[in-house]
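Q: Dropping a structure here in structure tokens format, bear with me for questions.
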Amino acid sequence: MTESLDIARDTLLAPAGLDDGALAQAFDRLLGPSVDAADLYFQCTRSESWSLEDGMIKQGSHSIDQGVGVRAMSGEKTGFAYSDDIVLPALLEASGAARAIARSGQSRQLQAWQRGRGRSLYPPLDPVDSLSDQDKVDLLRRVDAEARRLDPRVEQVFVNLNGSHDVVLIADGEGRLNADVRPLVRLNVRVQVEQNGRRESGSAGGGGRYSYARYQEGDMALEFAREAVRQALVNLEAEEAPAGSMPVVLGAGWPGILLHEAIGHGLEGDFNRKGSSAFAGRMGDRVASEHCTVVDDGTLADRRGSLNVDDEGHPTQCTTLIENGILKGFMQDRMNARLMNTAPTGNGRRQSYAHLPMPRMTNTYMLAGPHDPDEIIASVDRGLYAVNFGGGQVDITSGKFVFSASEAYLIENGKVTRPVKGATLIGNGPDVLTRVSMVGTDMALDSGIGTCGKDGQLVPVGVGQPTLKVDALTVGGTRN
Amino acid sequence: MNQVVQPEAATGLPDEQMLIGLGERVLDEARRQGATAAEASVSVGTGLSVSVRRGAVDTLEYERDRSLAVVVYMGQRSGAASSADFSEQSLKATVAAACSIARYTSEDPARGLADPALLATEFPDLDLYHPWSLDADRAIDLALECEAAALAGDPRIADCDSASVSTGDGLRVYLNSHGFVGSRLGTRHSRSCVAIARDEGGMQRDYWFSVARHADALETPAAIGKRAAQRAASRLGGRRLSTRRVPVLYTPMMARGVVGQFLGAISGGNLYRKSSFLLNALGEQVFPAHIRMQEFPRRPRGLASAAFDNEGVATRERTIVDGGRLETYLLDSYAARRLDRQSTGHAGGVHNLEVQSGDRDFDQLLQDMGTGLVVTELMGQGGNLVTGDYSRGAAGFWVENGELAYPVEEITVAGNLKDMFAGLQAVGADRDDRGGVITGSLLFDSMTVAGE
């Protein structure tokens, strides 16, 4: 943490000649008797992207974005301004603008600075520099060659490599000073196959808060190519998906997007403070079957959704959302925790300095249950077995949510039989988990591909779950 | 450059000449670092947005953004880089980053700037810049007016999630080493409201918004609040449907998404990759003969109006679909070269595309449909452009005897986009012009609805 703070000071404050005194000057402008809380969020993000297509290294790009976001809160009101120039005059001006939310009264003094004590879930490295550009493009080519080697029906291979280095420094009106240095990488492969004029695609990928070197160890990158080809070839054989309500068995890992959409968003503090969530006022109620225990855990080493501290400088934690089917907790940022008279849970996140923080998920997953995954499939007479998904969406007020299968099979008489085309599944968040009758022993986290959108802000997240059975879920296929 | 955030009425964009000067320095620097060609874009924007809840301000945000982006070419190789820092040092580093990348990308014969013969040479005033001298107090009052109208709009309205007012202006200059220099200056203002209705069965939310280049063209706060309230309340008591095949009518807001899927399927990037279900469809009958789609890129005050595309290629009026037949693909320079064609000026997308058909209004379309489903909300991605397979979560109304019978929810609508397009029976006169795609309701002859 101390190391992160030093890196953040060197990256963000030193070039502009800003010191602790300058920050205090900004807080002089920002703090007033009716201002309950205020913070400055300094950020510098360096990112790059490489793409391969048609066997060529087709594009590469590099970007640097930096700035400071200034926020003042008074009761339920928030004033916010930002500048992409980290210099004192801009900082003071933004502070004055954010402060406009609470106009009257005398300024109050900032407490002495206290450095946060954090942890180190990932190294403070810059992935962009973790591998030479030549090695990066060689990696893309190897993935391409592997996909093409596997099957002559492979027509197109798209490989993308992304890396970013995000340095943040958060100073707040209580005098807390926290920093985090966040590496993030991702490798993605999409394959298109063609057979007798029919085209289908498959994709795979993964990443986390580590350096590109991880892709060179073992077979990880080539495994993504194999998985994408496998999925695409399965889809070549897929028939029309069934339509209607039926038992659905979800595979382990990424299908945990179910939890993210069905209950995760509905348990974010802001929606519950405002009473706009279908879960508002339901703390302590049964919202899932006894087999379901769901947590949001920002403290997993190296994971895409993990953070040492959240974007308000609060340490992340493992929060139990549902325990044996009973609703136990919400995810909170500082503002909503204060207004709901509870403690923050380290879920205050923002896309960048130019966006306001909100309660957001980190890594959301269901713990393992008692059932053998084979036994779960054998228990279904006629239903759907869905193992891969695209995205999902939820209306937190009505509770209705969707998630879209990209690889699915029919289950007939207890056996997985034919592949079916992708289809959207729809359900009702507050009751879907009450219909989870079996939960597998095979808990798995996703491979590190999730991005969550809320109010137009994107943040990286993780999900996970064991194989599980929902007794009835509506499958949006075309075959009645 | 002065990058100070201005607390009141945050207008006052930097001078166009200053941005062009910066772009020229980027091109000079690229040449100096060995690029054989280059393009630069520099953009700045400012904005103010307020949102209120329960009679008081919820958030007040001042926005100020800027970005500098460059693409360099070393022969047939290219590299791109961007930065938010306009300093000389950053400018050099950004160009250097792009040049460094270009050394590792592949020789690609299709890579390069747009054909000089296609670049825009005239820059008509499209009447896109109408700053709104809106201070925070006035913005808050307007938002409060909107919220009050929503709360009064229906007795079942429990709350407003938010009522918002925002104003923004932006300037973007684009230059390339063929000597092209163009700028786009515009404003964009909006008002919106999200209302929450409640009854013993639960809660429903819905919204309404208005967006325009000129503040005078916005719907009144009262009208927006009232409409949001009516929409949210009308969803209460939603039922599910049993699984069936029926005609489906998409309201204009939902129709825009389906038209977007069509535009994706005829866009160059998906065509040269063979990632479209409409390969080789040029000149083919994709829709019934009564469907026509036209693009009006230079319409005054249009939300998506532009005299040139993102590569400087001149835009012009085009007929995209005529008599139901596909008349043109949507190509940027790269896709055009890959397909052995010319750019159609669609780098960055379409500019004011209108779907045209008969003059039947929404109620008449309900009559035409008789029994079926009206879709007012769609959830999830659900459209696969490679295969045309389409499946999405939906909510709306069940229709019997040409009239709305009751709200429905937790259902899906599915089909294949190719079949949906071929079975597009009508386009409503209820055109919605709040976006770059302008369309009325769309009536599809048959889709699978899945529910209980």
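Q: Can you give the FRET efficiency for B:Glu284 and B:Ser446, using 1/(1 + (r/R0)^6), R0 = 22 Å, r = Cβ-Cβ distance, to the nearest 0.05? Walk me through the numbers on the way to the answer.
A: On the way: r = 21 Å, r/R0 = 0.96.
Using R0 = 22 Å, I get an efficiency of 0.55.
Q: How big, in percent, is the set of alpha carbon pairs in the protein assembly as shown lying more than 47 Å apart?
A: Working: 94649 of 433846 pairs.
Distances greater than 47 Å cover 22 percent of the Cα pairs.
Q: Using the alpha-carbon atoms, what tilt in degrees (0 to 90, nearest 10) does helix B:16-32 show relative to the longest principal axis of chain B?
A: It is inclined by approximately 60 degrees.
Q: So how strong a dipole does the stretch B:238-452 carry about its Cα centre when Lys and Arg Cβ are +1 and Asp and Glu Cβ are -1, to the nearest 20 debye? The partial results should precede the final answer.
A: Values: 22 positive and 26 negative charges, 142 e Å.
It comes to approximately 680 debye.
Q: Working from Cα positions, state the angle (0 to 90°, nearest 10) between the long axis of helix A:133-150 and the longest principal axis of chain A.
A: 20 degrees
Q: Let me ask something else about it. Which of rounded, prolate or oblate describes the stretch A:210-260 when judged by the alpha-carbon gyration tensor and an a/c cut-off of 1.5? List each step's numbers first, then the result.
A: Working: a/c = 4.35, a/b = 1.70, b/c = 2.55.
In terms of gyration-tensor shape, oblate.
Q: A further question follows. Please give the charge dipole size of the protein assembly as shown, origin at the Cα centre, charges +1 on K and R Cβ atoms and -1 on D and E Cβ atoms. Round to the nearest 20 debye. Intermediate results must be reported in sequence, preceding the final value.
A: Working: 95 positive and 122 negative charges, 99 e Å.
Charge dipole, the protein assembly as shown, about its Cα centre: 480 debye, nearest 20.
Q: How much net charge surrounds A:His165 when only other residues with a Cβ under 11 Å from its Cβ are counted (Lys, Arg +1; Asp, Glu -1)? Each step should come with its number before you reach the end.
A: On the way: positive: A:Arg46, A:Arg182, A:Arg209; negative: A:Glu48, A:Asp126, A:Asp129, A:Asp166.
Result for the neighbourhood of A:His165: -1.
Q: Can you give me the P(r) profile for the stretch B:16-234? Cα pairs, bins 10 angstrom wide beginning at 0, each as a whole percent.
A: 8, 25, 21, 17, 16, 10, 2, 0
Q: Using the alpha-carbon centroid of each, what span in Å lies between the stretch B:198-241 and the stretch A:324-346?
A: Their Cα centres are 30 Å away from one another.
Q: While we're here: Taking only protein heavy atoms into account and a 1.4 Å probe, give the accessible area per residue of the stretch B:238-452 in Å². List each step's numbers first, then the result.
A: Numbers: 7320 Å² over 215 residues.
Here the residues of the stretch B:238-452 average 34 Å² of exposed surface.
Q: Normalising by the residue count of the stretch B:201-286, find the relative contact order in percent from Cα pairs under 8 Å and 6+ residues apart.
A: Numbers: 39 pairs, mean separation 18.7, N = 86.
That works out to 22 percent.
Q: Suppose every Lys and Arg Cβ carries +1 and every Asp and Glu Cβ carries -1, with no other charges. What dipole size does chain B come out with about its Cα centre, to the nearest 20 debye? Please list the in-between numbers first.
A: Values: 46 positive and 59 negative charges, 224 e Å.
Its charge dipole is roughly 1080 debye.
Q: Could I ask something else about it? State, to one decimal in nm, how far the label point of A:Asn341 lies from the label point of B:Asp419, with both points 7 Å from Cα in the Cβ direction.
A: 5.7 nm
Q: Excluding B:Ala232 itself, calculate the net charge of residues whose Cβ lies under 12 Å from the Cβ of B:Ala232, where each Lys or Arg counts +1 and each Asp or Glu counts -1. Please report the intermediate quantities before stating the final value.
A: Values: positive: B:Arg156, B:Arg198, B:Arg205, B:Lys226, B:Arg227, B:Arg231, B:Arg235; negative: A:Asp395, B:Asp154, B:Asp159, B:Asp161, B:Asp199, B:Asp206, B:Glu377.
Summing Lys and Arg as +1 and Asp and Glu as -1 gives 0.
Q: How many nm is it between the label spots at A:Ala14 and B:Ser90, if each spot is 7 Å from the Cα in line with the beta carbon?
A: Distance between the two pseudo-spin positions: 2.0 nm.
Q: I'd like the mean, over residues of A:82-89, of how many other protein chain beta carbons sit within 10 Å of each residue's own Cβ.
A: Working: counts 6, 7, 11, 11, 2, 2, 0, 4.
Taking the mean over all residues of the peptide, I get 5.
Q: Show me the three semi-axes of the equivalent ellipsoid for the stretch B:316-452, from the C-alpha gyration tensor (sqrt of 5 times each eigenvalue), largest first, rounded to whole Å.
A: Details: eigenvalues 193, 68, 33 Å².
Semi-axes, largest first: 31, 18, 13 Å.
Q: Shape of the stretch A:279-404 from its Cα gyration tensor (a ≥ b ≥ c, root eigenvalues): rounded if a/c is under 1.5, otherwise prolate when a/b > b/c, or oblate? Kindly include the intermediate steps, with their values, before the conclusion.
A: Numbers: a/c = 1.88, a/b = 1.68, b/c = 1.12.
It comes out prolate by the Cα gyration axes.
Q: In a solvent-free Debye calculation with one equal scatterer on each Cα, what is log10 I(q)/I(0) for the stretch A:63-213 at q = 0.17 Å⁻¹, listed in the order of the q values?
A: -1.03
Q: Next question. Between B:Ala149, B:Thr220, B:Ala35, whose Cα lies farthest towards the positive end of the dipole of the stretch B:16-234 when Lys and Arg beta carbons carry +1 and Asp and Glu beta carbons carry -1, centred on the Cα centre?
A: B:Ala35
Q: Taking the Cβ of B:Asp159 as the centre, find all other residues whose Cβ is under 9 Å away and add up their charges (Lys, Arg: +1; Asp, Glu: -1). Before the final figure, lay out each step's value.
A: Values: positive: A:Lys274, B:Arg53, B:Arg54, B:Arg198; negative: B:Asp161.
Net of charged neighbours comes to +3.
Q: Projecting each Cα onto the charge dipole of the protein assembly as shown (Lys/Arg +1, Asp/Glu -1 at the beta carbon, about the Cα centre), which of B:Gly21, A:Ala147, B:Val374 comes out farthest on the positive side?
A: The one lying farthest along the dipole's positive direction is A:Ala147.
Q: Can you tell me the 0 to 90 degree angle between the C-alpha axis of helix B:136-153 and the longest principal axis of chain B, rounded to 10?
A: The angle comes out near 20 degrees.
Q: Using a simple spin-label model with points 7 Å from Cα along the Cα→Cβ vector, what separation in nm is obtained for B:Arg316 and A:Cys318?
A: Label at B:Arg316, label at A:Cys318, 6.6 nm between them.
Q: List the trypsin sites (Lys or Arg not before Pro) within the stretch A:421-480 that fall in a DSSP loop (any state other than H, G, I, E or B) and whose Cβ has at most 15 other Cβ atoms within 10 Å. Don't skip to the answer; put the middle values down first.
A: Values: sites: A:Lys421, A:Arg435, A:Lys454, A:Lys469, A:Arg479; in loops: A:Lys421.
Passing both the DSSP loop test and the Cβ count: no residue.
Q: Rounded to the nearest 100 Å², what is the buried accessible area between A and B, both sides summed, probe 1.4 Å? If you can, show how the numbers build up before the last one.
A: Working: alone 18420 and 19700 Å², together 32090 Å².
For chain A against chain B, roughly 6000 Å² becomes buried.
Q: If you don't mind, another one. Once you have all Cα-Cα distances for chain B, histogram them in 10 Å bins from zero and send the whole-percent values.
A: Pair shares across the bins are 4, 18, 25, 26, 19, 8, 1, 0.
Q: In whole percent, and with a 1.4 Å probe on the protein chains, what portion of the accessible area of the stretch A:354-480 is carbon and sulfur?
A: Details: 1910 of 3850 Å².
Solvent-exposed carbon and sulfur of the stretch A:354-480 make up 50 percent of the total.
The values are calculated or read from the model by the stated rules, or taken from the named source; none is laboratory data. Note that the structure is predicted; figures quoted are calculated from it, not measured. Using ideal geometry, Cβ is built from the backbone for each residue, glycine included, and neighbour counts are taken over all protein chains shown. Surface areas here come from the heavy atoms of the whole protein model, side chains and all, with no ligands, DNA or RNA. Shrake-Rupley method; radii C 1.70, N 1.55, O 1.52, S 1.80 Å.
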